[in-house]
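Below is one structure, written out as structure tokens; comments come after it.
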Amino acid sequence: MNKRIFITLLGAFALLAGCNQTDSNANVTAMKESAEKISKLTDSIKKLDEQRIEALNFSLETNELAQQYFEDLKIENPSQIVVNALMEMNVKDTKNPYIKSESNGKFLFNKIRILNEKWVICEFTDGELWGDLLLEYHIDGNLNPTFKPLSEIIHPK
């Protein structure tokens, strides 16, 4: 009888040890999978941050020399001055004077990016056609911007 109890207890112990080993292996596997996911997410974050920094290369906000230019002229918020002036073109009833391409509708600015102290690039559309416009700009002492179109492109449909 003692032999049977001993064998039964030994079998139960072996079974429990096997279950614990299986749980332990599952935990190790889960931890490895989590570590791999964290590594992939960390790599993705690094890549996105590098892309963000690269995208900001041509931006007034990150161009210290362009910022110094406006500080020397005592012009605050030059980006806002330029963007506001260009967006006013969207609400006027007249054709946008800076876009030379013909349209059945009216070209409106969608996106505006100030590149530096002299250039701004704009995306525009009339709902059917899309294009980009490169403008040279200047802000005078009265904080009035003037614009000179340099080039534009209409993208094929």
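A few comments on the model shown:
- Qualifying residue in the stretch 67-76 (condition: open to solvent by 100 Å² or more (accessible area, probe 1.4 Å), modelled with pLDDT of 75 or more, over 17 Å from residue 121 (Cα atoms) and not in a helix (DSSP H, G or I)): yes
- Those residues of the stretch 77-93 which are open to solvent by 60 Å² or more (accessible area, probe 1.4 Å) and either under 19 Å from the mean Cα position of the chain (by Cα) or acidic (Asp, Glu) (or both), in sequence order: 88, 93
- Filter result for residue 86 (within 25 Å of residue 62 (Cα to Cα) and in contact with a Cys (Cβ under 6 Å, 6 or more places away or on another chain)): no
- For the stretch 136-147, filtered to residues that are under 28 Å from the mean Cα position of the chain (by Cα) and not hydrophobic (A, V, I, L, M, F, W, C), the residue that is surrounded by the most Cβ atoms within 10 Å (Cβ to Cβ) is 137.
- Output for the stretch 34-61, where each listed residue is open to solvent by less than 70 Å² (accessible area, probe 1.4 Å) and without any contact (Cβ under 8 Å) to a residue 40 or more places away in the chain: 34, 35, 39, 42, 44, 49, 55, 56
- Flag for residue 6 being among the aromatic types (Phe, Trp, Tyr), out of contact with any strand residue (DSSP E or B) (no Cβ under 7 Å at 6 or more places or on another chain), at pLDDT 85 or above and assigned to a helix (DSSP H, G or I): no
- Every residue from the stretch 113-135 that is in a strand (DSSP E or B), open to solvent by 40 Å² or more (accessible area, probe 1.4 Å) and touching a Ser or Thr at 6+ places or on another chain (Cβ under 9 Å): 113, 132, 134
- Scope the stretch 77-104; condition within 16 Å of residue 121 (Cβ to Cβ) and without any contact (Cβ under 8 Å) to a residue 40 or more places away in the chain; matching residues: 79, 83, 87, 89, 96
The values are calculated or read from the model by the stated rules, or taken from the named source; none is laboratory data. Just so you know, these numbers come straight off a predicted model, no measurement behind them. Note that each Cβ is placed from the backbone with ideal geometry, even for glycine, and that neighbours are counted across all protein chains shown. Only protein heavy atoms, including side chains, enter the accessible area calculation; ligands, DNA and RNA are left aside. Shrake-Rupley method; radii C 1.70, N 1.55, O 1.52, S 1.80 Å.
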